[in-house]
Amino acid sequence: MASKDVDTITGIETTGHEWDGIKELNTPLPRWWLYVFYATIVWSIAYSIAFPTWPWLSGYTKGVLGYSAREEFSERMTALDASRAAWKDQIAAASLQEINDNPDLLEIANAGGHVVFVNNCAPCHGTGAVGRPGGYPALVDDDWLWGGTLDDIYTTIKHGIRNTQDDDARLSQMPAFGADDILTAKEIDAVADHVLFLSGQRPDNAEGAQIFADNCAGCHGEYGHGDQAVGAPNLTDQIWLYGGTKQAIVNQITKPRQGVMPSWHNRLSDEEIKEAAVYVHSLGGGQ
């Protein structure tokens with residue numbers, strides 16, 4: 001019988017394996033660790049039998065307990081919808097002003113409206129509704145193209161702006177004064193100076209003032225305060241959708257960009273549109 005090889009430094013028996021003079025000590029795992037390991041193997045087998053586990057050719061093993069995470073989620077959502085039903089019914093039956101005047105309904109509507117806004121509106125208007133460059137207006141100020149009352153906001157959300165989905169979408173059209181040769185480049189330059197004067201940024205241009213009166217005042221008003229009935233922006237407040245530099249204004253007069261907002265009444269329920277309108281109105285810019 002071969003004698004055991006014992007390491008002279010540690011006094012522990014070796015496995016007999018040696019690499020470049022380095023010997024492997026025979027130090028088995030602790031018994032408690034092995035028992036835990038064996039228990040996890042038994043547990044995994046039991047779990048794979050009890051619950052859905054293994055992929056199969058046409059699906060997966062269902063498990064003897066018949067558990068389904070999808071069904072559990074569906075049941076929880078059904079229960080959640082049932083718990084909200086009473087509030088939803090009250091919001092559906094109430095007018096926007098009644099919701100706004102009822103602290104309890106207002107709290108529920110704002111919570112629901114925030115979710116609707118984040119999921120549907122934030123990609124354009126920003127998470128905090130502060131707007132984005134390129135024609136996406138901020139909703140936290142008091143500058144509204146189509147009005148900032150509860151009813152105005154509701155109508156804008158429901159039908160949208162300049163879309164082809166809804167015959168009742170809000171619609172306005174600024175002429176392409178340069179691209180359609182309505183005004184010359186010199187005249188556009190002059191009226192841009194007058195627009196900057198209206199917002200207090202430079203001295204007036206008499207020629208531009210006359211051109212503005214003849215071509216722009218019909219929508220923007222004599223003094224450039226805009227007209228929410230036709231979606232004409234206020235030109236005096238230095239809030240610009242497409243930039244407030246002279247070149248940006250010249251570009252907009254020459255060939256205007258026209259923003260589009262989708263209609264939401266085919267995507268959201270009327271209760272959700274009400275909630276979104278109340279939420280936007282509560283952000284600080286509602287009239």
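Within the option set A85, A39, being at negative phi and in the same structural domain as E271 (by TED's automatic domain parsing) holds for one residue only, A85. Any residue at all in segment 119-140 that's in contact (Cβ under 8 Å) with a residue 24 or more places away in the chain and farther than 30 Å from I253 by Cα? Yes, some residue in segment 119-140 is in contact (Cβ under 8 Å) with a residue 24 or more places away in the chain and farther than 30 Å from I253 by Cα.
Which is assigned to a loop (DSSP other than H, G, I, E, B) and either loosely packed, with under 15 Cβ neighbours inside 10 Å or not β-branched (V, I, T) (or both), of D180, D214? Selected residue: D180, the only one of D180, D214 that is assigned to a loop (DSSP other than H, G, I, E, B) and either loosely packed, with under 15 Cβ neighbours inside 10 Å or not β-branched (V, I, T) (or both).
All conditions but one from (1) of a type outside the set (A, V, I, L, M); (2) surrounded by 19 or more Cβ atoms within 10 Å (Cβ to Cβ); (3) within 24 Å of S263 (Cα to Cα) apply to D227; the one that does not is (2).
For the condition among the polar types (S, T, N, Q), more than 34 Å from the chain's Cα centre (by Cα) and either buried (at least 19 other Cβ atoms within 10 Å of the Cβ) or in a helix (DSSP H, G or I) (or both), Q247 does not qualify. Would a scan of segment 261-279 turn up a residue that is of a type in the set (K, R) and over 22 Å from the mean Cα position of the chain (by Cα)? Checked against the condition, which is being of a type in the set (K, R) and over 22 Å from the mean Cα position of the chain (by Cα), segment 261-279 yields no hits at all. Of all residues in segment 191-201 being surrounded by fewer than 22 Cβ atoms within 10 Å (Cβ to Cβ) and small (G, A, S), which is farthest from I239 (Cα to Cα)? Filtering segment 191-201 for residues that are surrounded by fewer than 22 Cβ atoms within 10 Å (Cβ to Cβ) and small (G, A, S), the one farthest from I239 (Cα to Cα) comes out as G200.
In a residue-by-residue description of segment 85-100, the property of being at pLDDT 90 or above and not in a helix (DSSP H, G or I) applies to at least one position.
Can you find a residue that is in a helix (DSSP H, G or I), basic (K, R) and surrounded by 15 or more Cβ atoms within 10 Å (Cβ to Cβ) anywhere in segment 149-170? There is at least one residue in segment 149-170 that is in a helix (DSSP H, G or I), basic (K, R) and surrounded by 15 or more Cβ atoms within 10 Å (Cβ to Cβ). Among the residues making up segment 51-77, those that are assigned to a helix (DSSP H, G or I) and either surrounded by fewer than 10 Cβ atoms within 10 Å (Cβ to Cβ) or of a type in the set (D, E) (or both) are A69, R70, E71, E72, E75. Residue under question is D204, and the condition is that it be outside the structural domain of I273 (by TED's automatic domain parsing) and either outside any helix (DSSP H, G or I) or crowded, with 21+ Cβ neighbours inside 10 Å (or both); does it hold? Yes; evaluated as a whole, the condition is true for this residue. With respect to the conditions (1) surrounded by fewer than 17 Cβ atoms within 10 Å (Cβ to Cβ); (2) β-branched (V, I, T); (3) under 30 Å from G221 (Cα atoms), T127 falls short on a single one, namely (3). Scanning segment 172-201 for residues that are free of Cβ contacts under 8 Å to residues at least 40 places away in the same chain, under 21 Å from H225 (Cβ atoms) and not assigned by TED's automatic domain parsing to the domain that holds G221 yields no hits at all.
When Q258, Q252, Q238 are checked against the criterion of being touching a Ser or Thr at 6+ places or on another chain (Cβ under 6 Å) and either more than 25 Å from D167 (Cβ to Cβ) or surrounded by fewer than 16 Cβ atoms within 10 Å (Cβ to Cβ) (or both), Q238 stands alone in meeting it.
Of the set (1) without any contact (Cβ under 8 Å) to a residue 12 or more places away in the chain; (2) within 14 Å of H281 (Cα to Cα); (3) under 12 Å from the mean Cα position of the chain (by Cα), all apply to H114 but (1).
The values are calculated or read from the model by the stated rules, or taken from the named source; none is laboratory data. Note that the structure is predicted; figures quoted are calculated from it, not measured. Reconstructed Cβ throughout: ideal geometry from the backbone, glycine too, with neighbour counts over all protein chains shown.
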